[in-house]
Amino acid sequence: MGTFERPTPNLGTERDILEKRAMAFVVDLLILAVVLGLATNVAFMVAVPLGFLSMALSVVVAFAYFSYLEAALGQTLGKTAMGIVVISEDDDPISTRASLIRTLLRPVDTIGLLAMFLTDRRQRLGDLAANTIVVDTKAKPPAL
């Protein structure tokens, strides 16, 4: 079984990946909806107060999902599936702080997606605040 490692960014591709970013977000939402929805339904079957607690914890889990994976690996499962990665504007891996800023601004970005069409590097508000961009990943060379 392979190990998870940060992918190599393909610099200069941030303008060409709007569709990939959208699909990655849909994949992430589906994963979270299935996992957290099942957990919440099971919790409600056990006890109604436990179900409400599970709903509240789902927000925390979703926040942690985006923040941790982007800080640790540069990509969520959706971004991995779409072959894109988050990097800093300096082409370095993003920091935990930048990942937290991006994630905190995610709810606002549903309104502020217009920023992606108005910026040269196709950055959403969270990217602008965190000084990050999203680019394609470089294909790995074949193993010898």
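Looking at the structure I just gave you, is Val42 β-branched (Val, Ile, Thr), surrounded by fewer than 16 Cβ atoms within 10 Å (Cβ to Cβ) and in contact with a helix residue (DSSP H, G or I) (Cβ under 9 Å, 6 or more places away or on another chain)? First the steps, then the outcome.
Values: β-branched (Val, Ile, Thr): yes; surrounded by fewer than 16 Cβ atoms within 10 Å (Cβ to Cβ): yes; in contact with a helix residue (DSSP H, G or I) (Cβ under 9 Å, 6 or more places away or on another chain): yes.
Against the criterion (β-branched (Val, Ile, Thr), surrounded by fewer than 16 Cβ atoms within 10 Å (Cβ to Cβ) and in contact with a helix residue (DSSP H, G or I) (Cβ under 9 Å, 6 or more places away or on another chain)), Val42 qualifies.
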Query - Subset of segment 69-94 [in contact with a Lys or Arg (Cβ under 6 Å, 6 or more places away or on another chain), surrounded by 23 or more Cβ atoms within 10 Å (Cβ to Cβ) and outside any strand (DSSP E or B)] - result: Gly74, Met82
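Restricting attention to segment 54-67, does a residue exist that is within 19 Å of Thr132 (Cα to Cα), surrounded by 14 or more Cβ atoms within 10 Å (Cβ to Cβ) and touching a Pro at 6+ places or on another chain (Cβ under 7 Å)? Let's see the steps before the verdict.
Taking segment 54-67 as the starting set, the residues that turn out to be within 19 Å of Thr132 (Cα to Cα) are 63-67.
If we keep only those that are surrounded by 14 or more Cβ atoms within 10 Å (Cβ to Cβ) too, we end up with 63, 65-67.
This time we only want the ones that are touching a Pro at 6+ places or on another chain (Cβ under 7 Å), so: none.
Taking every residue of segment 54-67 in turn, none turns out to be within 19 Å of Thr132 (Cα to Cα), surrounded by 14 or more Cβ atoms within 10 Å (Cβ to Cβ) and touching a Pro at 6+ places or on another chain (Cβ under 7 Å).
For segment 11-30, check the following and say yes or no: at least one residue is among the β-branched types (Val, Ile, Thr), exposed (fewer than 15 other Cβ atoms within 10 Å of the Cβ) and without any contact (Cβ under 8 Å) to a residue 24 or more places away in the chain. Give the derivation first.
Residues of segment 11-30 that are among the β-branched types (Val, Ile, Thr), as a first pass: 13, 17, 26-27.
From what is left, the residues that are exposed (fewer than 15 other Cβ atoms within 10 Å of the Cβ) are 26.
Now drop any that are not without any contact (Cβ under 8 Å) to a residue 24 or more places away in the chain, which leaves none.
The answer is no; no qualifying residue exists.
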Query raised in the report: Yes or no: Arg106 touching a Lys or Arg at 6+ places or on another chain (Cβ under 9 Å), among the basic types (Lys, Arg) and free of Cβ contacts under 8 Å to residues at least 24 places away in the same chain?
Result: no
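Looking at Gly51, Gly37, Gly112 in this structure, which one is outside any helix (DSSP H, G or I), among the small types (Gly, Ala, Ser) and more than 13 Å from the chain's Cα centre (by Cα)? First the steps, then the outcome.
Numbers: Gly51 fails: outside any helix (DSSP H, G or I); Gly37 fails: outside any helix (DSSP H, G or I).
It is Gly112.
This table checks each residue for (1) farther than 23 Å from Thr8 by Cβ; (2) among the basic types (Lys, Arg); (3) assigned to a helix (DSSP H, G or I).
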residue: Leu100; (1), (2), (3): yes, no, yes
residue: Pro107; (1), (2), (3): yes, no, yes
residue: Phe117; (1), (2), (3): yes, no, yes
residue: Asp120; (1), (2), (3): no, no, no
residue: Asp127; (1), (2), (3): no, no, yes
Requested in this report: Pull up segment 80-108, narrow it to residues that are out of contact with any Asp or Glu (no Cβ under 9 Å at 6 or more places or on another chain) and of a type in the set (Asp, Glu), then point me to the one that is farthest from Val27 (Cα to Cα).
Outcome: Asp90
Query raised in the report: Among Val61, Val27, which is β-branched (Val, Ile, Thr), at pLDDT 95 or above and in contact with a Ser or Thr (Cβ under 9 Å, 6 or more places away or on another chain)?
Result: Val27
Requested in this report: Under 9 Å between Cβ atoms, at least 6 apart or on separate chains: pull out the pairs that start in segment 72-87 with a residue that is farther than 16 Å from Thr13 by Cα and end on any residue that is among the polar types (S, T, N, Q) and assigned to a helix (DSSP H, G or I).
Outcome: Ala72/Thr96; Ala72/Ser99; Leu73/Thr80
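The values are calculated or read from the model by the stated rules, or taken from the named source; none is laboratory data. Nothing here was measured: the structure is a model prediction, and the numbers come from that model. Counting neighbours? That spans all protein chains shown, and the Cβs are built from the backbone with ideal geometry, glycine included.
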